[in-house]
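S.K.: Once you've had a glance at the structure underneath, I'll fire off some questions.
The values are calculated or read from the model by the stated rules, or taken from the named source; none is laboratory data. Bear in mind that the values here come from a model prediction, so they are computed numbers and not experimental data. Don't worry about glycine lacking a Cβ; one is built from the backbone with ideal geometry, like all the others, and counts go over all protein chains shown.
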């Protein structure tokens, strides 16, 4: 009898893990996002290796990350305004087509052997513009499809795809570099983007109640978004931690090609595996979160995962062994899954419907700290070495995150919605539901 009870419990948890997949349009969106995520991680790996081959400069390699993330700093909040005001479905299609055109351009340059290192910056910047403009819409569309009650599970499953792409994308790119060079890798990237566009086209969204965006209202909408986030302590804390993580943790990825060659003495294939291990850890973490039936303290997962990631980055900076680096990055991925899954979830659970896109736009702006982090780590690595630069970032990150955690106690409490927003599944205002 006890065995039957345990089997039933496992079956219920398994069903809850994939609950959002019962929505057909969400399945299409998830698959489209997955192919887009894989293509983005492939491009970061391919272009980082290309620039290293052409220049042998850590700073110029770091600039790939800088130009890839710079559009989020420049346009992230514009993307949030667009998510609240324009047709999100059409926006997703347009930005994916733009990424495909950029991939075709660099493929043509590689095939004709006229590519220069600075071409990598132009291509990754163009791709980053698309991500900056559509990232808030991608998250808002998830809410449109599954409602507030399904957001945690849906975002966790999207994080499964995102982190899975961090495992598959770099590994695939590294293998393709070893077998058919960067040009072959970009042919695969182009094919993946074609599939992503087709899948997004097939997604069916509920009617969007937003108004058309008047150009005269853009500045006002941006200011409203900033004021709204500043007025909510938990939202503000989420934004601050996002800035810290993108400034001080994630730039270590830009140094992986340098670490691979100068410290670990490995080639592109093993380099791709090194990056893939972090993705595997993040994938495992996201699946665990998706399986949780009732998460009460989202902020604790968010802060705890962030701290675990920073500690593992510090240990990675001290490692001179490939075999030691693998488990370190696996645990690092577990930490970043808590950060990445809860980041958007907290915002969507807290924010009012009419402010959700702009609040997510502020998050995109915070992610835009990444380019500054890439410049910092590249500059430090040029003067010292890549391992020391990663270690400095990790120590600063641990100290800063500890301070934010002390100053933002609301993140340690249960997340409660800011408004009585109806759930599309049952029409019951969420504020009318009991908070567990």
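S.K.: Yes or no: the range 14-24 includes at least one residue that is under 16 Å from the mean Cα position of the chain (by Cα), touching a residue at least 12 places away in the same chain (Cβ under 8 Å), surrounded by fewer than 24 Cβ atoms within 10 Å (Cβ to Cβ) and at negative phi. Walk me through it before giving the result.
M.R.: Start the filter on the range 14-24 by keeping residues that are under 16 Å from the mean Cα position of the chain (by Cα), which leaves none.
No, the conditions are met nowhere in the range 14-24.
S.K.: Give just the number: which of (1) at pLDDT 80 or above; (2) surrounded by fewer than 21 Cβ atoms within 10 Å (Cβ to Cβ); (3) more than 30 Å from residue 61 (Cα to Cα) does residue 391 not satisfy?
M.R.: The single condition residue 391 does not satisfy is (3).
S.K.: Then there's this: State the number of residues belonging to the range 183-198 that are more than 15 Å from residue 101 (Cα to Cα) and either buried (at least 23 other Cβ atoms within 10 Å of the Cβ) or touching a strand residue (DSSP E or B) at 6+ places or on another chain (Cβ under 9 Å) (or both).
M.R.: Number satisfying all stated conditions: 1.
S.K.: Against the definition (in a helix (DSSP H, G or I), within 22 Å of residue 49 (Cα to Cα) and at pLDDT 90 or above), how does residue 187 come out, yes or no?
M.R.: Against the criterion (in a helix (DSSP H, G or I), within 22 Å of residue 49 (Cα to Cα) and at pLDDT 90 or above), residue 187 qualifies.
S.K.: Follow-up. Given the criteria surrounded by fewer than 22 Cβ atoms within 10 Å (Cβ to Cβ) and in contact (Cβ under 8 Å) with a residue 60 or more places away in the chain, does residue 116 qualify? Show your work before the answer.
M.R.: On the way: surrounded by fewer than 22 Cβ atoms within 10 Å (Cβ to Cβ): yes; in contact (Cβ under 8 Å) with a residue 60 or more places away in the chain: yes.
The answer is yes for residue 116.
S.K.: Run down 342, 355, 348, 324 and say which single residue is under 22 Å from residue 131 (Cβ atoms), more than 20 Å from the chain's Cα centre (by Cα) and assigned to a helix (DSSP H, G or I).
M.R.: It is 355.
S.K.: Something else now. Here is a list: 399, 432. Which entry is modelled with pLDDT under 90 and out of contact with any strand residue (DSSP E or B) (no Cβ under 7 Å at 6 or more places or on another chain)?
M.R.: Details: 399 fails: modelled with pLDDT under 90.
The conditions single out 432.
S.K.: If you don't mind, another one. Consider residue 50 carefully, then state whether it is closer than 18 Å to residue 271 by Cα, at pLDDT 80 or above and in contact with a helix residue (DSSP H, G or I) (Cβ under 7 Å, 6 or more places away or on another chain).
M.R.: yes
S.K.: Going by what's in this entry, would residue 9 be described as surrounded by fewer than 24 Cβ atoms within 10 Å (Cβ to Cβ) and at pLDDT below 85? If you could, list the steps in order and put the result at the bottom.
M.R.: On the way: surrounded by fewer than 24 Cβ atoms within 10 Å (Cβ to Cβ): yes; at pLDDT below 85: yes.
Answer is yes for this residue.
S.K.: State all residues of the range 358-402 that are more than 16 Å from the chain's Cα centre (by Cα) and outside any helix (DSSP H, G or I); if no residue qualifies, say none.
M.R.: 384, 385
S.K.: Given the condition touching a residue at least 60 places away in the same chain (Cβ under 8 Å) and more than 30 Å from residue 88 (Cβ to Cβ), answer yes or no: does some residue in the range 325-333 qualify?
M.R.: Yes: one or more hits.
S.K.: Another question about this same structure. Consider residue 132 carefully, then state whether it is under 22 Å from residue 69 (Cα atoms) and out of contact with any strand residue (DSSP E or B) (no Cβ under 8 Å at 6 or more places or on another chain).
M.R.: yes
S.K.: Separate question: Before we move on, is residue 257 buried (at least 19 other Cβ atoms within 10 Å of the Cβ) and more than 18 Å from residue 319 (Cβ to Cβ)?
M.R.: No: the conditions fail for residue 257.
S.K.: Mind telling me which of the residues 126, 103 ends up being surrounded by fewer than 20 Cβ atoms within 10 Å (Cβ to Cβ) and modelled with pLDDT of 90 or more?
M.R.: Of 126, 103, the one residue that is surrounded by fewer than 20 Cβ atoms within 10 Å (Cβ to Cβ) and modelled with pLDDT of 90 or more is 126.
S.K.: Taking only the range 59-115 into account, find how many residues are over 29 Å from residue 177 (Cβ atoms) and not in a helix (DSSP H, G or I).
M.R.: The total comes to 2.
S.K.: Among the numbered criteria (1) more than 18 Å from the chain's Cα centre (by Cα); (2) farther than 30 Å from residue 389 by Cβ; (3) at pLDDT below 85, which one does residue 108 miss?
M.R.: Condition not satisfied by residue 108: (3).
S.K.: Hand me the list of helices (runs of 4 or more DSSP H) wholly inside the range 216-290 holding 3 or more residues that are without any contact (Cβ under 8 Å) to a residue 12 or more places away in the chain.
M.R.: Result: 218-231.
S.K.: Which condition number does residue 169 fail, the rest of (1) surrounded by fewer than 24 Cβ atoms within 10 Å (Cβ to Cβ); (2) under 20 Å from the mean Cα position of the chain (by Cα) being met?
M.R.: (1)
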